Ligand code: PHE
């Protein structure tokens with residue numbers, strides 16, 4: 001183990017940092033809404049099964065790879081394949097993907113910060129006014145918000161693993177949880193709250209079809225921060241004494257729990273705002289829910305608690321989403337940071353400067369692709385429509401590449417590094433793992449049906465997104 005590589009100071013620090021990465025914008029609004037639209041409790045059950053039986057083994061494999069190599073994802077693939085060129089491509093993708101995801105996630109985080117700033121300064125009525133979001137995203141003020149968000153992320157990251165990432169997670173995650181519980185407690189007191197809870201929890205298995213299953217699995221995969229190189233990188237800051245098996249379970253539980261509890265905040269609020277809401281009509285997009293729909297709902301709370309009260313609840317809500325987004329952003333920027341430090345042997349500060357300039361430029365371009373600049377707004381045509389620069393980055397690096405990265409990881413750990421290597425690594429710090437049913441399941445699933453499922457999702461996404469036909473018929 002490299003003597004001067006920084007490590008997390010405690011297991012809790014690692015778990016909170018990894019959970020901080022996993023708990024993001026998707027957990028708070030996207031998950032509850034898609035659960036409600038797609039069978040309520042039935043969706044929740046399927047989602048939980050996917051997390052336990054498909055995502056957890058992948059998460060353990062990512063962590064094992066990172067800790068074994070004590071390197072960034074590119075270095076990890078290279079070291080454990082003895083510099084095999086083929087596998088360096090997988091390593092390269094595992095660094096390029098987070099680099100590009102920064103570009104779209106940063107844009108959304110900046111908007112959230114902007115809405116938070118407006119809610120705190122008493123402008124909730126403006127946020128809720130018709131068409132405001134469209135005006136906001138093309139307003140020059142987004143660049144100011146961008147500078148503030150970039151400064152916060154860099155301030156955390158420049159502190160390194162213990163003083164930066166771990167300290168921030170130890171503060172932000174408990175704060176997030178307290179805010180979430182406080183909002184749930186308030187929302188459940190509203191009229192008609194229980195109608196929302198019912199829609200969210202009562203199972204309707206008739207809604208299950210291939211498309212819903214595909215959506216649930218993709219959501220679980222994204223939500224647990226898999227395929228992004230993040231867990232490889234974070235686990236490279238663990239030592240052999242740390243229990244990866246136990247920690248990965250904790251991270252999966254925390255992430256799913258926050259997503260579940262968020263449903264108890266969002267659905268009652270929606271149904272008390274409008275008891276006749278037809279769940280089918282709620283938007284699939286977290287972006288339009290958060291920036292278009294929810295401000296109106298938050299403003300309507302003034303009938304109950306006055307304008308100041310509604311503004312406080314709105315500020316709390318946007319702060320909650322902002323905290324969730326910041327810990328995710330930190331984790332995703334850390335991947336290319338670690339890659340530059342490990343592969344180019346430069347200091348953390350220099351790596352952060354290089355990334356601020358490169359991702360900064362691309363983020364500015366994607367921010368301008370919502371109408372500020374025409375050629376960025378109508379950047380490219382595919383899948384039967386014109387797409388912006390932001391759409392392109394989102395479609396390619398979030399929708400398409402994540403399952404591919406997961407697939408390559410499964411194949412790498414089980415066929416190249418070999419199951420014995422994986423088992424041996426996972427057993428370090430987890431007594432009783434060798435020979436357990438868990439070990440057998442992990443080795444079997446990672447070498448058979450999990451890569452197969454990921455391959456089908458990958459191919460189906462490519463054909464549907466770019467060639468407008470689906471191999472799954474969905
Ligand atoms: N799990 C995160 C989320 O739900 C995924 C993510 C992590 C996205 C890091 C971007 C960066 O938002």
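The values are calculated or read from the model by the stated rules, or taken from the named source; none is laboratory data. Predicted, not measured: the structure shown is a model, and the values here were computed from it. For neighbour counting, all protein chains shown are included, and Cβ atoms are generated from backbone atoms with ideal geometry for every residue, glycine included.
Is the range 339-361 home to any residue that is closer than 27 Å to residue 215 by Cα and modelled with pLDDT of 95 or more?
no
Take residues that are under 30 Å from residue 66 (Cα atoms) and tell me which of the helices (runs of 4 or more DSSP H) falling wholly in the range 161-237 contain 1 or more.
Because the criterion is at least 1 residues that are under 30 Å from residue 66 (Cα atoms), the helices (runs of 4 or more DSSP H) in the range 161-237 that meet it are 167-187, 210-223, 230-235.
If you check residue 88 against the conditions, is it under 25 Å from residue 404 (Cα atoms) and touching a helix residue (DSSP H, G or I) at 6+ places or on another chain (Cβ under 8 Å)?
Here the answer is yes, as residue 88 does meet what is asked.
Which of the numbered conditions does residue 92 fail, given that it passes all the others? Conditions: (1) farther than 29 Å from residue 291 by Cα; (2) touching a residue at least 60 places away in the same chain (Cβ under 8 Å); (3) more than 16 Å from the ligand (Cβ to nearest atom); (4) surrounded by fewer than 24 Cβ atoms within 10 Å (Cβ to Cβ).
If we test residue 92 against (1) farther than 29 Å from residue 291 by Cα; (2) touching a residue at least 60 places away in the same chain (Cβ under 8 Å); (3) more than 16 Å from the ligand (Cβ to nearest atom); (4) surrounded by fewer than 24 Cβ atoms within 10 Å (Cβ to Cβ), just (2) comes out false.
Residues that are more than 16 Å from the ligand (Cβ to nearest atom), buried (at least 22 other Cβ atoms within 10 Å of the Cβ) and modelled with pLDDT under 95: find the helices (runs of 4 or more DSSP H) completely inside the range 1-82 holding 3 or more of those.
Where helices (runs of 4 or more DSSP H) fall fully within the range 1-82, none carries at least 3 residues being more than 16 Å from the ligand (Cβ to nearest atom), buried (at least 22 other Cβ atoms within 10 Å of the Cβ) and modelled with pLDDT under 95.
So that you can scan it fast, the table gives a plain yes or no per residue for (1) surrounded by fewer than 17 Cβ atoms within 10 Å (Cβ to Cβ); (2) within 22 Å of the chain's Cα centre (by Cα):
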residue	(1), (2)
348	no, no
367	no, yes
385	yes, no
389	no, yes
401	no, yes
404	no, yes
408	no, yes
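For residues in the range 212-227 being within 6 Å of the ligand (Cβ to nearest atom) and within 17 Å of residue 408 (Cα to Cα), which is surrounded by the fewest Cβ atoms within 10 Å (Cβ to Cβ)?
Taking the candidates together, the pick is 222.
Matching residues to (1) within 12 Å of the ligand (Cβ to nearest atom); (2) within 18 Å of the chain's Cα centre (by Cα); (3) part of a helix (DSSP H, G or I); (4) in contact (Cβ under 8 Å) with a residue 24 or more places away in the chain:
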position: 309; (1), (2), (3), (4): no, no, yes, no
position: 316; (1), (2), (3), (4): no, no, yes, yes
position: 329; (1), (2), (3), (4): yes, yes, yes, yes
position: 338; (1), (2), (3), (4): no, no, yes, yes
position: 342; (1), (2), (3), (4): no, no, yes, yes
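Given (1) surrounded by fewer than 24 Cβ atoms within 10 Å (Cβ to Cβ); (2) within 16 Å of the ligand (Cβ to nearest atom); (3) closer than 24 Å to residue 253 by Cα, identify the lone condition not met by residue 108.
Failed condition: (3).
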